[in-house]
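Have a look at the structure below before the remarks.
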Amino acid sequence: MKKGTSFYIFIAILGITFSSCNFTLKESNLDRAPDIHTSEDQANDLVNVIIPIKNQKTKYINVYRRDVDDGTVVNLGILYHPVAIDTPNNNYRFVDRLVKENHTYDYYVRYCIDDKYYKTDYSKEIKITSNIQSYDEATKFAYTTNNADLEIDNPSGVYTLTITGTIVEPDFPEFTTEGYKHALIVKSETATQTLLLPNITNGTTVTLTEFLPSIFLDTDITIEGIVGQKIIYDDPSSANKKIKEIIWTEPASISVNGNIGDSINIPSKTGIDGHDYSRNVKISQ
């Protein structure tokens, strides 16, 4: 074998070795997966996602569920540190009630610590059987938005968003009895948030410069969809109550001006006209 040929074979093997090591290192960066078990609640068991405490500087934790059969991933909600800590077990516990019988799921979470994200590996799989609190296949955990549109207009220079058509709410009983609110999912290059709508009836209108937080003004954004949002407090009757967790239904896409996924850009009242005044400027004497 020629010397040059041997050299190239050596380089190829070296490349494969480093490639494999790199893959291993990326995988090892994932934190420990949450534990999944069921606990009895009246006649049926509940799916519990048990999340270990990673760091006392944790701000919040997102909980995600994957349907193993079709690969669909849903952002289920947020747990807030330290309010959501299950003190006796020194963990966080998220109860997933919006599952369907005969489906198989696994879960992962994402910690937000010092404004950085740390993702875990997927948990073990759990098969939803008849003894677990669940819903049948026909249940809709998401809004139906096929006959609705969000129309954005700026008459007299005021940007507004108006709901046209019919948005149908999810049909599981707890949606109307446990305080779910309507929320749009708004995404920019740097942030994604849910923003509460006053209503979803035909003709509902909001002024976008008042509805959107400042981080979503003067930049390209997309409206990813609509979800139902429920907030759970540590002590609902207290004047100093704190948010313990937020639960979301499955998301549903909705068109904006007849299109899904198109970006929009809403100018702030003063930001694009040169009126942004910084207190950091040096004032001459």
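The values are calculated or read from the model by the stated rules, or taken from the named source; none is laboratory data. Computed from a predicted model, the values in this text were never measured in an experiment. When we count neighbours, we look across all protein chains shown, and the Cβ atoms used for this are built from the backbone with ideal geometry, even at glycine.
Within the range 136-148, the residues that satisfy the criterion of being crowded, with 19+ Cβ neighbours inside 10 Å and outside any loop (DSSP other than H, G, I, E, B) are Thr145, Ala148.
Among residues of the range 47-61 that are at negative phi, those with a beta-carbon under 8 Å from a residue that is of a type in the set (Gly, Ala, Ser) at least six positions away or on a different chain give the pairs Asn48/Ser39; Val49/Ser123; Ile61/Ala84.
Taken over the range 213-272, the criterion of being more than 17 Å from Thr144 (Cα to Cα) and among the aromatic types (Phe, Trp, Tyr) is satisfied by Phe216, Tyr233. Of all residues in the range 208-225, those that are assigned by TED's automatic domain parsing to the domain that holds Leu150 have Cβ atoms under 8 Å from Cβ atoms of residues that are charged (D, E, K, R) and surrounded by fewer than 19 Cβ atoms within 10 Å (Cβ to Cβ), 6 or more apart or on another chain, in Thr209/Lys269; Thr219/Glu189; Asp220/Glu189; Ile221/Lys187; Thr222/Lys187; Thr222/Asp262; Ile223/Lys187; Glu224/Lys187.
Scanning the range 84-95 for residues that are assigned to a strand (DSSP E or B) and of a type in the set (S, T, N, Q) gives a single hit, Asn91. Residue-level analysis places Glu151 outside the set of residues that are closer than 29 Å to Ile260 by Cα, surrounded by fewer than 18 Cβ atoms within 10 Å (Cβ to Cβ) and in contact with a helix residue (DSSP H, G or I) (Cβ under 7 Å, 6 or more places away or on another chain). Mind listing just one residue for me: the one in the range 35-69 that is part of a loop (DSSP other than H, G, I, E, B) and closer than 12 Å to Asp106 by Cα and, of those, farthest from the chain's Cα centre (by Cα)? Going through the qualifying residues, I end up with Asp69. Only residues that are in a strand (DSSP E or B) and under 21 Å from Glu174 (Cβ atoms) were counted across the range 205-249, and they come to 15. For the range 174-202, filtered to residues that are part of a strand (DSSP E or B) and among the hydrophobic types (A, V, I, L, M, F, W, C), the residue that is nearest to the chain's Cα centre (by Cα) is Ile185. Just one of the listed residues (Ser123, Ser130) is surrounded by 16 or more Cβ atoms within 10 Å (Cβ to Cβ) and assigned to a loop (DSSP other than H, G, I, E, B), and it is Ser123. The set of residues in the range 96-118 that are loosely packed, with under 15 Cβ neighbours inside 10 Å and in a strand (DSSP E or B) comprises Thr104, Lys116, Tyr117.
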